[in-house]
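Take a look at the structure set out below.
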Amino acid sequence: MANDILISLLKEYEQKRLNAEHDLEVRKQNLYDLIPRLKEIDTLLSESAITTAKNILSSDNKNSDSKFVDSLNNEIAKLKKEKESILKENNLSLDYLQPNYECKLCNDTGYITDSNFNTVMCSCLKQKLLDESFNKSNMYNIKKENFNSFNEQLYSDKADSKKYKFENSPRTNILNIKKRCEDFITNFDDMNNKNLLFTGSTGLR
């Protein structure tokens, strides 16, 4: 069951990620149409990054390689500064051309890399797993099914030892049970407090 929930959530995460990336492409294209220079800058930045990587991998002259990389880095810095200026001039945030992921920690993948470089589950996915488990347990009904909404009038106030095998009326009995439950909750942190055990066939109350 837990594995099925995880698989379902990961599919949901994948769709959210795809939606965020599609939304970015739409915003990016609209902005490029409005400000062509931004598209030119992004193209130049991509080309510069590729050129830098190729140069580092292929060059045998370390001095020449270092000067070339420094020159490219300077050019990249200028392009990024120009890009930021254009965005500011148009009252756009600096991350406008970044995907709007729901979770900024894992970018809607569900997983992050910890300080030991291990891939671990993101807190957002952990929370969703807890929420799903909580919902499937029907505990979400606690908002409307609790002590405040408890109605003792549903139970008879007439004792019938022959029928119920008990001297007290069903109402008196259920009120005693309610009191014990409330005491248990109130003293939950008390190590000396005993646990509660509910027995009986399914559907009994």
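The values are calculated or read from the model by the stated rules, or taken from the named source; none is laboratory data. Since the structure is predicted, the reported quantities are computational estimates derived from the model, not experimental observations. Please note: Cβ atoms are built from the backbone with ideal geometry, for glycine as well, and neighbour counts cover all protein chains shown. Accessible surface areas use protein heavy atoms only, side chains included; no ligands, DNA or RNA. Shrake-Rupley method; radii C 1.70, N 1.55, O 1.52, S 1.80 Å.
Things worth noting here:
- On inspection, LEU204 does not qualify as of a type outside the set (D, E, K, R), at pLDDT below 90, in contact with a helix residue (DSSP H, G or I) (Cβ under 6 Å, 6 or more places away or on another chain) and more than 30 Å from TYR111 (Cβ to Cβ).
- All positions within segment 9-53 that are more than 20 Å from GLU82 (Cα to Cα), open to solvent by less than 70 Å² (accessible area, probe 1.4 Å) and free of Cβ contacts under 8 Å to residues at least 12 places away in the same chain: VAL26, ALA53
- Considering ASP160, ASP108, ASP183, the condition of being surrounded by 10 or more Cβ atoms within 10 Å (Cβ to Cβ) and in contact with a Lys or Arg (Cβ under 6 Å, 6 or more places away or on another chain) is satisfied by ASP108 alone.
Condition check ((1) in contact with a helix residue (DSSP H, G or I) (Cβ under 9 Å, 6 or more places away or on another chain); (2) in contact (Cβ under 8 Å) with a residue 60 or more places away in the chain; (3) closer than 17 Å to PHE198 by Cα; (4) of a type outside the set (Phe, Trp, Tyr)) across all residues:
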{"position": "CYS122", "(1), (2), (3), (4)": "no, no, no, yes"}
{"position": "LEU130", "(1), (2), (3), (4)": "no, no, no, yes"}
{"position": "GLU152", "(1), (2), (3), (4)": "yes, no, no, yes"}
{"position": "LYS158", "(1), (2), (3), (4)": "yes, no, no, yes"}
{"position": "SER161", "(1), (2), (3), (4)": "no, no, no, yes"}
{"position": "ARG180", "(1), (2), (3), (4)": "no, no, yes, yes"}
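- Failed item, numbered, when ILE41 is tested on (1) at pLDDT 90 or above; (2) out of contact with any Lys or Arg (no Cβ under 6 Å at 6 or more places or on another chain): (2)
- Which numbered condition ILE174 fails, given (1) more than 40 Å from the chain's Cα centre (by Cα); (2) open to solvent by 60 Å² or more (accessible area, probe 1.4 Å): (2)
- SER115 meets each of the listed conditions (1) open to solvent by 100 Å² or more (accessible area, probe 1.4 Å); (2) of a type in the set (Gly, Ala, Ser); (3) under 30 Å from LYS28 (Cβ atoms) apart from (3).
- With respect to the conditions (1) at pLDDT below 95; (2) among the charged types (D, E, K, R); (3) surrounded by 15 or more Cβ atoms within 10 Å (Cβ to Cβ), LYS80 falls short on a single one, namely (3).
- Evaluating ASN168 against the criteria (1) open to solvent by 90 Å² or more (accessible area, probe 1.4 Å); (2) more than 19 Å from PHE147 (Cβ to Cβ) leaves one unmet condition, (1).
- PHE147 meets the conditions (1) more than 28 Å from ARG180 (Cβ to Cβ); (2) touching a helix residue (DSSP H, G or I) at 6+ places or on another chain (Cβ under 8 Å); (3) loosely packed, with under 10 Cβ neighbours inside 10 Å in every case but one. The failed one is (1).
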